Amino acid sequence: MRKIKTFLTLSLCVAMVGSLTACSSGKDSNTEDDINISESDKCVDEKIGNSNSITYVTLGDTGMEHLKDAAIKFKEETGIEVKLESWAYSDAYQKILTLAEGGNMPDAMYGFSSWTQQFKEAGYTVAIDKLISSELYNDFSEAARDVCSVNGELWAMPSYMSIRGMLFNKNRLEEAGIQQIPDTWEGFLKDAEKLTDPSTGKYAYAMVAGHPKNTLDCFLPILWAYDADVLNADGTANGFDNENGIAALQMYVDLAKYAVPDYGQADINSTQNNFTTQIAASYFHNAQGLAALKDAGEDYSWAVITEPLAGPSGSRYALGVMDVDLVFNTGNQELAAKWLEFWHQPEYQGKVVDQSGWVPNQKSYFESMPIFTDESNVMIAPFAKMEPIAKFKPSIICWEEVQKVMADAITKAVMGELSAEEAINLAGEQVDSLLMK
Amino acid sequence: MKKSSRKEVREKIINLAYVMPMLIIFLAFIIYPILQIFYMSFFERTVSGEMNFVGIKNFCDLFKNPDTPRMFINTFVWVFIGVAFKLLLGLGMALVLYEKFLGKKMMTAIMLIPYAMPAAVSCMIWRLMYNPMFGHISQFLIDTHILDGRIDFLGNTKTSLIAVMIVNIWAVAPFCALNILSTMYSIPNYIYEAARIDGAGKWRQFWDITLPIITSSLKTLGLLIGIWAFNTFDVIFMMTQGGPANSSSIMVNFIYQNAFQFNNRGYSAAISIVSFIVLSIFAILYVNSKGDDTRYE
């Protein structure tokens, strides 16, 4: 009996040690070949990469059909297979950071311009100006190249660009007896009361005060119009903890009184829905909501697109949102860049830009697709015209935290927890300490 | 000191070998990660992935953060007030279900729905109900003239925590009711019969018989759901993501936010340590409370 006990004990211990060893190796132990790969071999494998296939990650389903089509053509032409993956927007940042820490990045990925500097500093991505042709480099608009550049080098490839302006419901303005579409935030605030009637569920404006990213999407055009900014000129401290910043936040707080009351949990899609369902008489965004109405065969002729409203000194800026394609340091960067160059053509990506209502940032798209310059194309032409006044969010390492700190302060002011001045002071201190870090 | 015989030593080695697999698992998957978190809490991760030793800076930052008091208050309210309501509601439901009435089984099944429902589904339903534009709750309060205008319960810094707590209480109270009910069924009937013969009414029976007997079970249950509440992440994340402006965030949300959204692993580890210490107190209380078993002779 004792011998059986001893045998059982030893067997259990051996099994346990064996299983733990297998776990810690981090590789499948299916074949002998796998087990015999030495460390140096693995390094070589990583450095050279897999030359037959690359992985490209996109977010959401936008343009997936065209991506698939392009991947098939790319394989026919080059023999390189592009494995497409689609991630949810909300998980993307966390997912890519986790993968990057484990060294398992995709070869290329569609993402946000605010990631560019952080990923560069972390060594996850590579500069792409040497990897793409000069034709493509020069094809990008100057504004697009600026947003994607760090110290003069292109660290991300400009992808979809959205320029955001004001959208008004002209019927609602007429009903309220407003003859002229407001041109300034002050003017709009004066009209806002006439456009608001909570008893009938009608409000002047749709905005966000809570969701970190979308709160800034809605607030930045006002901040810029009031001649303040997120950062100062040299990027060493905040640029909003001043009279202009306080005035801008006060304007946002005042607007909230006439806004659809879901702003605390709304995201940008909710504001869009509030406008397309005519609950809100105006909002600040692009034409994607109108494109949805158009696709559904519904009337959208009541919508008017204008430039962003101006501040007291006449400054006005459109919010530019630049999405990018990033090339990761996987050893396959040349192939990944080649694929992106193939994808960034009017017959592939250009079609997605057109379908989704984005503003092209490649000259060739304007040249080969007349729809982008057609004045009657209300989905794109008015926004394309705003490119010269477009301003983008800064690409800084701690952007996610800066964005959250600012959004929280704005939210507290809108909800009446802090005055505009207190909120701006608090956010200013916190942003400065983040920048110092 | 008596020297162990060879036989005893061998027995001890064999016994140790028996617990060795469990011990290895415990050390590898519980003790090691905890030590790793302690270690990480003294470091700051740079953007290039290097870990720099910063001493107790992460802990100082935590207590300097203007949102920290709110985080502690929210956690306190979420755990203690939440648990109190869950137990009270659970007790009320258990008392109702203890009585004999027509449709009792159906009632029990209906009562279990909130607990059995996946959190994602119940959060979706409650989000719709709380919606200020077309939700039932807002509309009902306006129609009954309790409210003048629409209120965004989840999107308001003053109401968001309470709104999420209601969902959590609604979901967990049935579990409490079932637990309390099972303890009540274990109370021998003759105790109640004797009380009735002595002229005790329903209220007196509850106060002098039921409550003292179930108190031990209530304490254990309270500690258990308190620990769960402390670690609740899903409901808050799905309802409000801790917002607006961290108004519904508890410690777990802060840990998640700093670890995965801001990539501040060291800072997040420091919050985890504070959370671990608080939870350890709960755990000790829970283990001690297990000794108060009631025995019927």
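The values are calculated or read from the model by the stated rules, or taken from the named source; none is laboratory data. Owing to the predicted nature of the structure, the values given are computational and were not obtained by experimental measurement. Cβ: placed from backbone, ideal geometry, glycine included. Neighbour counts: every protein chain shown.
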Check your understanding: Restricted to the range A:287-315, and to residues that are crowded, with 22+ Cβ neighbours inside 10 Å and assigned to a loop (DSSP other than H, G, I, E, B), which residue is modelled with the lowest pLDDT?
Key -> A:Ala287
Check your understanding: Do we have B:Asn264 as over 17 Å from B:Trp78 (Cα atoms), free of Cβ contacts under 8 Å to residues at least 12 places away in the same chain and not hydroxyl-bearing (Ser, Thr, Tyr) here?
Key -> no
Review point. Taking the condition part of a helix (DSSP H, G or I) and within 9 Å of chain A (Cβ to nearest Cβ), does B:Arg127 pass?
Key: yes
**Study point:** Those residues of the range A:404-419 which are more than 10 Å from every other protein chain (Cβ to nearest Cβ) and in contact (Cβ under 8 Å) with a residue 40 or more places away in the chain, in sequence order
**Key:** A:Met406
Exercise for review: Give me a count of the residues in the range A:170-202 that are under 17 Å from A:Ile279 (Cα atoms), away from every other protein chain (no Cβ under 14 Å), surrounded by fewer than 19 Cβ atoms within 10 Å (Cβ to Cβ) and of a type in the set (Asp, Glu).
Suggested key: 3
Check your understanding: In the range B:258-280, which residue that is away from chain A (no Cβ under 14 Å) and among the aliphatic types (A, V, I, L, M) is surrounded by the most Cβ atoms within 10 Å (Cβ to Cβ)?
Key -> B:Ala270
Review point. Taking only pairs six or more apart or across chains, which ones have beta-carbon atoms under 9 Å, a first residue in the range B:235-257 that is more than 8 Å from chain A (Cβ to nearest Cβ) and on the phi > 0 side of the Ramachandran plot, and a second residue that is among the aromatic types (Phe, Trp, Tyr) and in a helix (DSSP H, G or I)?
Key: B:Gly242/B:Phe254; B:Gly242/B:Tyr256
Exercise for review: Kindly indicate which of B:Ser182, B:Ser122, B:Ser186, B:Ser217 is more than 14 Å from chain A (Cβ to nearest Cβ), under 23 Å from the mean Cα position of the chain (by Cα) and farther than 28 Å from B:Phe233 by Cα.
Suggested key: B:Ser182
Revision key, fill the gap. Among (1) buried (at least 24 other Cβ atoms within 10 Å of the Cβ); (2) polar (S, T, N, Q); (3) modelled with pLDDT under 95, A:Thr236 falls short only on (1)
**Study point:** Residue list for the range B:134-154, filter: more than 10 Å from every other protein chain (Cβ to nearest Cβ) and out of contact with any helix residue (DSSP H, G or I) (no Cβ under 6 Å at 6 or more places or on another chain)
**Key:** B:Gln139, B:Phe140, B:Leu141, B:Asp143, B:Thr144, B:His145, B:Ile146
Exercise for review: Kindly list the number of the only condition in (1) exposed (fewer than 11 other Cβ atoms within 10 Å of the Cβ); (2) of a type in the set (S, T, N, Q); (3) within 26 Å of the chain's Cα centre (by Cα) that fails for B:Ser5.
Suggested key: (3)
Exercise for review: May I ask you to say which residue of A:Glu422, A:Glu429, A:Glu387, A:Glu401 is among the acidic types (Asp, Glu), within 20 Å of the chain's Cα centre (by Cα) and within 14 Å of chain B (Cβ to nearest Cβ)?
Suggested key: A:Glu401
Exercise for review: All but one of (1) surrounded by fewer than 22 Cβ atoms within 10 Å (Cβ to Cβ); (2) within 14 Å of chain B (Cβ to nearest Cβ) hold for A:Asp354, so report the exception by its number.
Suggested key: (2)
